[in-house]
Amino acid sequence: MNTKKVSLLQAIWIWLGEQTDKIILWIYAMFFALMIAVFVSFKTRQRMSHNNGIAGEGWLKIVDAPEFPEHPFFEKGKQYPVRIRHASATYLDDAMNCIRSISIKFSHHHWHSPFDIEMNTGAQSLFWNAVSFLKFGSMRKEQYGIEYVEYLRRYPDGVDGTKGAVRRDPTSFHNLHYYSKTPFLFLGTDGIKRYAKYRVLPLENEEQTGVEHRFSEFDLCNQRVLPFDPRGRNYLKYEYEDRVKKQGAKYRLQIQLHTASDDDDPEVFNNMVLWDERSHPWHDVAHFHIEKTLDWKQSTMTTFSVNNMPKTLGVLPAKSIYDYNSLNYLRAHSEIARKARMLSYKVFGMVPPIPDNDNRNVSGWGE
Ligand code: HEM
């Protein structure tokens, strides 16, 4: 009788603890989203990151013989309109040592789509949960193209992520490899729960450019344009425009799956830890072809969301601010930031295109 009472009390205590953790996570996410929405998206008319980019449109086809478990959204041979945006995070200068990105939506609309996915260069991330993401944001302390000095000194894991992710002077956005990093749900026709990571590669096997190997020769925090580098502030976007006009740009979207199990190590969800490619091979999901680039206004209006996904491919639940899945929880709760950015254009007008001038190593408009 007594033991029953104790165990019931224990269960209530644990339940209360879990609910408190979830409430703290919700407050954390809402506070963060509101700060971004008010002080970045609305006030400065900028994205939280990745402001320097170019969008394009084309068509995507799910492969004819998928080698991954069936999912109705990825039905073989199915075609979708596709809009992508390539960007450099987060400076307004293509010649700086930046993380590069591709974001994809299965739609030609700037906002609506049944499936969006955002990816950066580098297989590993620079932060691993809501707490480390907030530290990452607050310790940026950027000045004249130098940033994250304190963050990288305190968190060596962030150093590994940065080393793998920055691309200095790539010849094109097109030949880089891009990773979603965080895992998402994959609940296919067989009803077996799996987790999915995505990546994008050029369709043909091309050498990835801009990958740095001589890390002892420069300071990772110093992302400034190299002295006497002849490349202009917009060289990557011009190259992409030219490439698409002449030959288009073809890519492959791939998936990596992990079958869920009750005794899964929580590290499965840690976006700093890669899944072993021998046990978790990459499979082609779709091939897509970009046929035209969009102008500055349309590119800037284009936005992506982790909420634009079928439920069976969506964000995994998070239990606390320390849960690895809290990263995607923050993203899912940051819709207000995207809406505030769109509203800011209506109220204050569109931000101007990045000029080809000598104002180098800048992070935002007005610097
Ligand atoms: C490893 C995880 C992450 C990846 C790979 C990622 C990737 C990206 C990319 C590629 C973009 C630019 C999209 C574009 O071209 O418009 C972006 C924008 C953005 N991300 Fe992340 N991100 C991650 C984590 C987060 C987290 C944790 C948050 C927290 C809220 C967040 C919030 C945002 C916001 C607010 C924008 C700007 C949205 C807009 O104004 O359109 N991201 N992210």
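The values are calculated or read from the model by the stated rules, or taken from the named source; none is laboratory data. Quick caveat: nothing in here was measured; it's all calculated off a predicted structure. When we count neighbours, we look across all protein chains shown, and the Cβ atoms used for this are built from the backbone with ideal geometry, even at glycine.
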Quiz item: Do we have H108 as closer than 30 Å to G232 by Cα, in the same structural domain as K250 (by TED's automatic domain parsing) and surrounded by fewer than 23 Cβ atoms within 10 Å (Cβ to Cβ) here?
Solution: yes
Quiz item: Looking at this structure, is I192 of a type in the set (V, I, T) and either under 22 Å from V82 (Cα atoms) or not assigned by TED's automatic domain parsing to the domain that holds D263 (or both)?
Solution: no
Quiz item: Would you say A89 is surrounded by fewer than 20 Cβ atoms within 10 Å (Cβ to Cβ), in contact (Cβ under 8 Å) with a residue 24 or more places away in the chain, among the small types (G, A, S) and out of contact with any Leu (no Cβ under 9 Å at 6 or more places or on another chain)?
Solution: yes
Quiz item: Are any of the residues in the range 129-150 surrounded by 22 or more Cβ atoms within 10 Å (Cβ to Cβ), among the hydrophobic types (A, V, I, L, M, F, W, C) and within 12 Å of the ligand (Cβ to nearest atom)?
Solution: yes
Quiz item: Is it the case that T121 is modelled with pLDDT under 95, crowded, with 19+ Cβ neighbours inside 10 Å and closer than 23 Å to N234 by Cβ?
Solution: no
Quiz prompt | Matching entry among A165, A196, A130 (being farther than 30 Å from I27 by Cα and either basic (K, R) or at pLDDT 95 or above (or both)) | solution = A165
Quiz item: Name the residues in the range 239-275 that are away from the ligand (no atom under 16 Å from the Cβ), part of a helix (DSSP H, G or I) and surrounded by 15 or more Cβ atoms within 10 Å (Cβ to Cβ), would you?
Solution: E239, E241, R243, V244
Exercise. State which residue is nearest to I54 (Cα to Cα) when the search covers only the range 111-122 and only residues that are within 10 Å of the ligand (Cβ to nearest atom) and part of a loop (DSSP other than H, G, I, E, B).
Key: W111
Quiz item: For F228, which of the numbered conditions (1) over 21 Å from the mean Cα position of the chain (by Cα); (2) within 30 Å of E267 (Cβ to Cβ); (3) not charged (D, E, K, R) fails to hold?
Solution: (2)
Quiz item: Inside the range 127-148, can you point out the residues that are in contact with a Ser or Thr (Cβ under 6 Å, 6 or more places away or on another chain) and of a type in the set (A, V, I, L, M)?
Solution: A130
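Looking only at residues that are among the aromatic types (F, W, Y) and in contact with an Asp or Glu (Cβ under 9 Å, 6 or more places away or on another chain) in the range 215-237, which one is surrounded by the most Cβ atoms within 10 Å (Cβ to Cβ)? Full working, then the answer.
Residues of the range 215-237 that are among the aromatic types (F, W, Y), as a first pass: 215, 218, 228, 235.
Add one more test, that the residue is in contact with an Asp or Glu (Cβ under 9 Å, 6 or more places away or on another chain), and what stays is 218, 235.
Values: F218: 14, Y235: 19.
Among those that are among the aromatic types (F, W, Y) and in contact with an Asp or Glu (Cβ under 9 Å, 6 or more places away or on another chain), it is Y235.
Restricting attention to the range 36-54, which residues are touching a strand residue (DSSP E or B) at 6+ places or on another chain (Cβ under 6 Å) and within 8 Å of the ligand (Cβ to nearest atom)?
S49, H50, G53
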Self-check item: Matching residues in the range 127-178 - criterion: being among the charged types (D, E, K, R) and not in a loop (DSSP other than H, G, I, E, B)
Solution: K135, E150, R153, R154, D157, D160, K163, R167
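Every residue in the range 200-229 that is in a loop (DSSP other than H, G, I, E, B), over 15 Å from T171 (Cβ atoms) and out of contact with any Leu (no Cβ under 8 Å at 6 or more places or on another chain), please.
Listed by number, the residues that qualify are L203, N205, H213, R214, F218, D219, Q223, R224, V225, L226, P227, F228.
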Quiz item: So which of R85, R100 is touching a Pro at 6+ places or on another chain (Cβ under 9 Å) and either hydrophobic (A, V, I, L, M, F, W, C) or not in a loop (DSSP other than H, G, I, E, B) (or both)?
Solution: R100
Quiz item: Looking at I36, I84, which is the one that is among the hydrophobic types (A, V, I, L, M, F, W, C) and closer than 22 Å to Y198 by Cα?
Solution: I84
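Look through G77, G17 and report the one residue that is more than 12 Å from the ligand (Cβ to nearest atom), more than 26 Å from the chain's Cα centre (by Cα) and not in a helix (DSSP H, G or I).
Exactly one of G77, G17 is more than 12 Å from the ligand (Cβ to nearest atom), more than 26 Å from the chain's Cα centre (by Cα) and not in a helix (DSSP H, G or I), namely G77.
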